[in-house]
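The values are calculated or read from the model by the stated rules, or taken from the named source; none is laboratory data. All values derive from a computational prediction rather than experimental measurement. When we count neighbours, we look across all protein chains shown, and the Cβ atoms used for this are built from the backbone with ideal geometry, even at glycine. Note: areas computed on protein heavy atoms with side chains; ligands, DNA, RNA excluded. Shrake-Rupley method; radii C 1.70, N 1.55, O 1.52, S 1.80 Å.
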Amino acid sequence: MVSRICQEIEALIAVHGGTRGQLAAVVEDARQWLERQAEARRKLFSLLEEAVAAQDAAAARQLLVRVNATASHHRTGAETAIAAAATQWLDDAERQQRAEAAVLQAEQEELRAREEAEHVQALLATLERRGADQPFETLRRLMKELETAATVAGDRLDADQRQQINVWRGRTEVAWFRGRSSRRAPVPTPRAQRAKKLPLYEQVPRGVWFTQPCSRCGAKRGKGCLNDDGIGNGPRRQLPHDERLRLIINERKAQAEPSPRPRMRSVWRVTDVACPTCKAGPGVRCSSPGGHPHQPRIAQLRRRSR
């Protein structure tokens, strides 16, 4: 653009001779500005080429942005080659960096998986040493830590370790049920303390746990109860809900109890019969002085109660 304007001014100088000096000065200033811009452009491409040669990715990326912003037009063959080489080198460097980062991340994950697998083994040993009768809060804390470590360890765990984890999940659920039963139970009497009541899942044989549908979670016959309490990781509970067990216990009690017999009336009152003398109906006292029953009414009562 500046070059074209200079050419137009030179054409004007030829036509308007009186202003030739002023126009010539303008053209000279414009040419000097063009030379400065060309020098800055050559230096910019030179710096970009040097940054690529020095493998300075940060400087090369910054210079390439400036080159594309200020010198994207009318490039020479050398300038085009420098910009293309810089772009290709930066792309290759970025791909290499991503690959190295992925390898490093995989190594770190592998190392952490090995460490967590060792941690799982240590936690299982601690649980076995303390047993299932340890305080529930301690058991729950250890199981939460065990679940987290097992998730990170992944395939580093063998089949025996996975089986042990499942066993402890079941023991934790049983301990949770026992704790909930003790919290909900009323204050026991001395006799009740001597005869400690078993939890519902121990009062019902395992073989009939799922013979009735569950009124709480809607599980059908033969299906385990849904894990609506969040104990363990499976979708179904290892123990049925108390509501389901209580229904089975009540049905068994009803089957064991004999059918109630109709109660016979053993005591009759004089007002249960009508009076032949004063015609007082059942439930109404006789109209005699003082309300005393008439003798025929008493005789009828005696015949009725025989």
For this session: Sort out which residues of segment 34-50 are more than 22 Å from ALA60 (Cβ to Cβ), open to solvent by 100 Å² or more (accessible area, probe 1.4 Å) and not basic (Lys, Arg), and write them in order of number.
Result: GLU35
Problem set entry | Filtered residues of segment 41-82 (kept if under 25 Å from GLN97 (Cβ atoms), of a type in the set (Gly, Ala, Ser), out of contact with any helix residue (DSSP H, G or I) (no Cβ under 6 Å at 6 or more places or on another chain) and part of a helix (DSSP H, G or I)) | ALA53, ALA58, ALA69, ALA81
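Here is a yes/no grid of residues against (1) touching a Cys at 6+ places or on another chain (Cβ under 8 Å); (2) modelled with pLDDT of 75 or more; (3) open to solvent by 50 Å² or more (accessible area, probe 1.4 Å); (4) over 30 Å from THR151 (Cα atoms):
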| site | (1), (2), (3), (4) |
| --- | --- |
| ILE5 | no, no, yes, yes |
| LEU12 | no, no, yes, yes |
| LEU64 | no, yes, no, yes |
| VAL67 | no, yes, no, yes |
| ALA84 | no, yes, yes, yes |
| GLU94 | no, yes, yes, yes |
| ALA102 | no, yes, yes, no |
Problem set entry | ARG244 vs. criteria at pLDDT 85 or above and in a helix (DSSP H, G or I) | yes
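Please go through segment 273-296 and pick out each residue that is assigned to a helix (DSSP H, G or I) and modelled with pLDDT of 80 or more.
Going residue by residue through segment 273-296, those that are assigned to a helix (DSSP H, G or I) are 289-291, 295-296.
GLN295, PRO296 - these are the residues of segment 273-296 that are assigned to a helix (DSSP H, G or I) and modelled with pLDDT of 80 or more.
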For this session: Would you be able to say whether some residue in segment 212-229 is at pLDDT 85 or above, part of a loop (DSSP other than H, G, I, E, B) and on the phi > 0 side of the Ramachandran plot?
Result: yes
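Taking helices (runs of 4 or more DSSP H) that do not extend beyond segment 104-209, which have at least 1 residues that are loosely packed, with under 12 Cβ neighbours inside 10 Å and at pLDDT 90 or above?
Once the helices (runs of 4 or more DSSP H) in segment 104-209 are filtered for at least 1 residues that are loosely packed, with under 12 Cβ neighbours inside 10 Å and at pLDDT 90 or above, what remains is 136-153, 159-184.
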